[in-house]
Amino acid sequence: MSWPTGYGRRVLAEVDSTNAEAARLAPTLQGPEWILALRQTQGRGRRGRAWTDPQGNFAGTLVLRPDGPPDQVALLSFVAALSLFDACVAVTGRPEVFALKWPNDVLLNGGKLAGILLESTGSAGGVTYLAIGIGVNLQDAPGAAGIEPGALRPVSLLAETGARVTPEEFLDVLAEAFAAWKHRFDTYGFAPIREAWLARAARLGQEITARTQRQTLTGRFETVDERGNLVLAAETGRVAIPAADIFFDGGADASGN
């Protein structure tokens, strides 16, 4: 497996959080760099949730200095999701068992395999650096005690598919996939990324529940719009939702790194 041109690669035996390490390193980096931790002691997820990270799983972060306004930079979460999907397919050969869950999860046989966490700093209306944190249950899934009530069941790549992949091997595949999707995004914009994401979306056209900080809405998952918002056809009308936890028949999102 080749490594994409222009991307750095840093493998750490142990770190508190790869996203935290990204924040520390960002001012010194000259270009995009992948940071992989073979052990992560203080992983975190969306909205301050803890991220359980058993030994042998993937905990990595890509640090970028992206161009463009924050709302465009945020669309790189879809680039990351497609890259993660492709990497999972590449190491298993089984595209039919994976799906993407808005806003930032990869599902395997209906369970949660992986999550993505974006963190950034900015000034003057721009983004100084972006950290794309990715956690994947390669070897083991967290036990039920560490999972938020109502969350989708955690699954591992090994248990569900029999594929045994090391974090370093997975990083090589993921980095190549990301470079390819990022090039497409930079060249053609969000439209082809959106189309590809929707083709892999879980529960598209079905009823789901979106829980925001202010309300809970149930309706048909209609699409993702050109700004990356979830579009829900609810009883009150068509609603575009920029951020929410998504529930499938009572199972919620607990994403992170």
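Tabulated data for the structure shown
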read-out: Subset of region 87-106 that is without any contact (Cβ under 8 Å) to a residue 60 or more places away in the chain and either touching a strand residue (DSSP E or B) at 6+ places or on another chain (Cβ under 7 Å) or at positive phi (or both) - its residue that is surrounded by the fewest Cβ atoms within 10 Å (Cβ to Cβ); value: G93
read-out: Residue count for region 234-257, restricted to those that are modelled with pLDDT of 50 or more, surrounded by 18 or more Cβ atoms within 10 Å (Cβ to Cβ) and outside any strand (DSSP E or B); value: 1
read-out: The listed residue being in contact with a Leu (Cβ under 8 Å, 6 or more places away or on another chain), over 25 Å from P69 (Cβ atoms) and assigned by TED's automatic domain parsing to the domain that holds A81, out of A177, A234; value: A177
read-out: Residues of region 65-78 that turn out to be surrounded by 24 or more Cβ atoms within 10 Å (Cβ to Cβ) and out of contact with any Leu (no Cβ under 7 Å at 6 or more places or on another chain), as a count; value: 1
read-out: Test result for L174, under 21 Å from the mean Cα position of the chain (by Cα), in contact (Cβ under 8 Å) with a residue 12 or more places away in the chain and over 30 Å from Q55 (Cβ atoms); value: no
read-out: Test: residue in region 221-232 that is over 25 Å from P95 (Cα atoms) and among the basic types (K, R); value: yes
read-out: Flag for L117 being farther than 26 Å from S2 by Cβ and either in contact with a helix residue (DSSP H, G or I) (Cβ under 8 Å, 6 or more places away or on another chain) or in contact (Cβ under 8 Å) with a residue 40 or more places away in the chain (or both); value: yes
read-out: Filter result for V79 (modelled with pLDDT of 95 or more and β-branched (V, I, T)); value: yes
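The values are calculated or read from the model by the stated rules, or taken from the named source; none is laboratory data. Remember, predicted model here, so these are calculated numbers, not experimental data. Virtual Cβ from ideal backbone geometry, glycine too; neighbours counted across all protein chains shown.
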